[in-house]
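Written out below as structure tokens is the structure these notes cover.
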Amino acid sequence: MSKREDEGCGRRRRTEVGQKSEDCVNPDSAVIAAFKVFQQELDTKHDKYERLVKSSRDITIESKRTIFLLHRVTSVPDVEEILNEADVKLDSVRQKIGQIAEELRGEDLHQFHRAITPGIQEYVEAVSFHHFIRHRTLISLEEINARLVFMRENKIDQSPMAYLTVDIHCFLVSLLKAVDEVTCPGPCVLTFQITPTDYLLGVADLTGELMRMCISSVGNGDMDTPFLLSGFLREIHDGFSFIGNTGPYEVSKKLHTLRQSLGKVEDACYTLRVRGSEIPKHMLADVFSSRAAHLDPDDAMP
């Protein structure tokens with residue numbers, strides 16, 4: 001027998017053994033039943049993860065649109081109208097966050113945190129930018145979380161154990177209706193708590209928007225806003241410097257971008273103070289944009 005024929009016979013023998021082992025599998029085995037349960041749990045978790053990723057993407061898109069809208073405050077006479085329009089957009093973003101809170105009811109947030117963190121960071125950036133334009137201060141994490149409280153109808157399944165956790169009224173209604181699902185009279189309160197890390201990362205991204213606001217303000221003839229933004233960004237930079245390398249890795253990465261934004265704003269303030277009388281106002285924005293482009297090669301700075 002040749003070597004090739006011997007390999008073919010061995011392959012057939014292995015196939016026959018595999019078929020015999022599959023025939024010997026008992027579908028009613030406790031092990032098979034347990035693994036089917038595991039499969040269903042994993043499929044449910046993966047489906048929920050994908051839904052959260054989609055919701056996070058929608059939050060990111062709406063938050064970016066809100067930020068683009070807020071940048072118009074430097075060129076319109078009625079700032080309050082822009083802020084009110086941004087309030088409406090932020091309310092719609094909060095409703096999407098409410099959907100995330102509904103999905104995460106009874107779940108461990110940290111298992112799904114990677115799916116929602118991009119959208120949450122973008123929301124923090126948008127709401128903090130809106131708060132700064134209106135109040136000229138930095139919004140706190142507690143203020144952001146206080147707005148993420150949602151009212152939902154509390155639904156329970158019709159099982160004896162479920163009735164132990166609801167009031168007697170829900171129990172009587174379920175007996176009369178004999179339905180699979182019962183809605184209790186009182187609504188359920190859902191809360192979503194943004195983590196400190198997501199808050200810090202969103203604030204770090206805010207500095208880039210403030211830098212763009214500084215350049216736009218100068219282009220529209222506003223010479224006071226850059227100095228206000230410079231002091232505000234220094235305070236944020238000092239706060240991040242206290243964290244240093246002791247905080248999360250993502251925060252230390254954002255610190256370099258924050259320093260770049262602060263450097264560009266300070267450079268704009270320096271130009272205004274020293275050379276402001278030499279450069280025509282309609283050319284100041286072009287000068288700052290070109291100087292900011294020359295600062296970009298500092299990306300190699302550790």
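The values are calculated or read from the model by the stated rules, or taken from the named source; none is laboratory data. Predicted model only: the values in this text are computed from it and were never measured. All Cβ positions, glycine included, derive from the backbone under ideal geometry; neighbour counts span all protein chains shown. Ligands, DNA and RNA are excluded from the accessible area calculation, which covers all protein heavy atoms including side chains. Shrake-Rupley method; radii C 1.70, N 1.55, O 1.52, S 1.80 Å.
What the table below lists for this structure:
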| read-out | value |
| --- | --- |
| Karplus 3J(HN,Hα) series, Hz, for the stretch 91-104 with 6.51 cos²θ - 1.76 cosθ + 1.60 (x for Gly, Pro) | 5, 5, 5, 5, 5, 5, 5, x, 5, 5, 4, 5, 5, 8 |
| Spin-label pair Glu81/Leu138, simplified geometry with 7 Å Cα→Cβ offset, distance in nm | 3.3 |
| Projected-area mean, the stretch 17-112, by convex hull of Cα positions, square nanometres | 9.8 |
| Note, ³J(HN,Hα) from phi for the stretch 201-206, Karplus 6.51, -1.76, 1.60, rounded to Hz, x at Gly and Pro | 5, x, 5, 4, 5, 4 |
| Zero-based 5 Å bins, Cα pair distances in the stretch 197-240, whole percents | 5, 23, 28, 21, 13, 8, 3, 0 |
| Listed residues Thr66, Thr117 arranged by accessible area, highest first, probe 1.4 Å | Thr117, Thr66 |
| Entries of Lys89/Lys253; Lys45/Lys89; Lys64/Lys253; Lys54/Lys264; Lys48/Lys254 with Cα pairs more than 32 Å apart | Lys54/Lys264 |
| Accessible-area order (highest first, 1.4 angstrom probe) of the listed residues Glu50, Glu85 | Glu50, Glu85 |
| Of all accessible heavy-atom area on the stretch 63-141, the percent that carbon and sulfur account for (1.4 Å) | 48 |
| Dipole of the stretch 60-150, positive direction: furthest Cα of Ala86, Gly119, Thr74, with charges on the beta-carbon | Thr74 |
| By accessible area with a 1.4 Å probe, ligands and nucleic acids excluded, highest first: order of Met213, Met151, Met223 | Met151, Met223, Met213 |
